[in-house]
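The block underneath contains the structure these notes are about, expressed in structure tokens.
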Amino acid sequence: MANHEKRVNEKTFVEEAYSLENKDSTVDFYKKWADDYDHQMLENLNYLSPTLIAQILVKYLDNRNSRILDMGCGTGLTSMLLHQQGYTDIDGLDFSADMLRVAGERCIYNRLIEADLNKPLSIDDCQYEAAISSGTFTHGHVGAEPLDEIFRILTKGGLLACTIHLDLWQSRGFETKLQQLIDDGSIKCLYREQDCYYEGGEPEGWFCVYQKT
């Protein structure tokens, strides 16, 4: 019975996550699942994406004192590895107050910011040496529109490390927008490879690092 309940719960979680269509439904989803999110993602689904993108950023960001913004930080899964690797100046940003509450319990963030990436950020220009995100650029969440705002708050030479779902790469304008920024000399691509979000799964997203020039 326990295994059956686990399979049903896992199926419900995945179906609900991938059916999100707008901010309201996303906020409701995270309000419902915030306290059980880590269990669902790590134990039931073997979620790899946060650790993988953090490991990639570590390869490109030598200075452990760099100021980092974890965008769509959720419960803090992406920044856990960064913290373990000695990065101490990390802020977390998410539009879900419930997820931020759980993230705060990890005691790995200097500051938690409740904000929507689809709107202008109340952050001054050139404040962060790096921004990182896992799972934000996916179904029902955020398209390519915030990229200008994200690069605005990065310092010259600052890094954006993120995952972008394959289904959205073209349909939500990521390929076009990022190539435009490369062509006009605003950024350069340091890394872009497809990889899996979940252990044993097929590649679902691009794992990327772009540098502001």
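Summary table
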read-out	value
Which listed residue is within 14 Å of MET71 (Cβ to Cβ) and in contact with a helix residue (DSSP H, G or I) (Cβ under 9 Å, 6 or more places away or on another chain), from TYR109, TYR87	TYR109
Whichever residue in the stretch 105-120 is touching a residue at least 12 places away in the same chain (Cβ under 8 Å) and under 23 Å from GLU175 (Cα atoms) and, among such residues, is nearest to the chain's Cα centre (by Cα)	LEU117
Number of the exception - ASN44 against (1) surrounded by fewer than 18 Cβ atoms within 10 Å (Cβ to Cβ); (2) touching a Ser or Thr at 6+ places or on another chain (Cβ under 6 Å)	(2)
Any hit, the stretch 85-98, residues being of a type in the set (Gly, Ala, Ser), out of contact with any strand residue (DSSP E or B) (no Cβ under 9 Å at 6 or more places or on another chain), surrounded by fewer than 20 Cβ atoms within 10 Å (Cβ to Cβ) and without any contact (Cβ under 8 Å) to a residue 60 or more places away in the chain	yes
Test result for CYS126, surrounded by fewer than 16 Cβ atoms within 10 Å (Cβ to Cβ), touching a helix residue (DSSP H, G or I) at 6+ places or on another chain (Cβ under 9 Å) and more than 23 Å from LEU48 (Cα to Cα)	yes
Cβ-Cβ under 8 Å pairs, at least 6 apart or on other chains, the stretch 121-144 side on the phi > 0 side of the Ramachandran plot, far side assigned to a loop (DSSP other than H, G, I, E, B) and of a type outside the set (Asp, Glu)	CYS126/ILE153; GLY135/GLY72; GLY135/GLY74; GLY135/HIS141; GLY135/TYR197; GLY140/SER19; GLY140/LEU20; GLY140/ASN22
Criterion: out of contact with any strand residue (DSSP E or B) (no Cβ under 9 Å at 6 or more places or on another chain), surrounded by fewer than 19 Cβ atoms within 10 Å (Cβ to Cβ) and more than 15 Å from TYR210 (Cβ to Cβ) - qualifying residue of GLU105, GLU149	GLU105
The stretch 20-72: number of residues that are at pLDDT below 95 and β-branched (Val, Ile, Thr)	2
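The values are calculated or read from the model by the stated rules, or taken from the named source; none is laboratory data. Note that the coordinates shown come from a computational prediction; the quantities given were computed from them, not determined experimentally. Note that we place each Cβ from the backbone using ideal geometry, even for glycine, and neighbour counts take in every protein chain shown.
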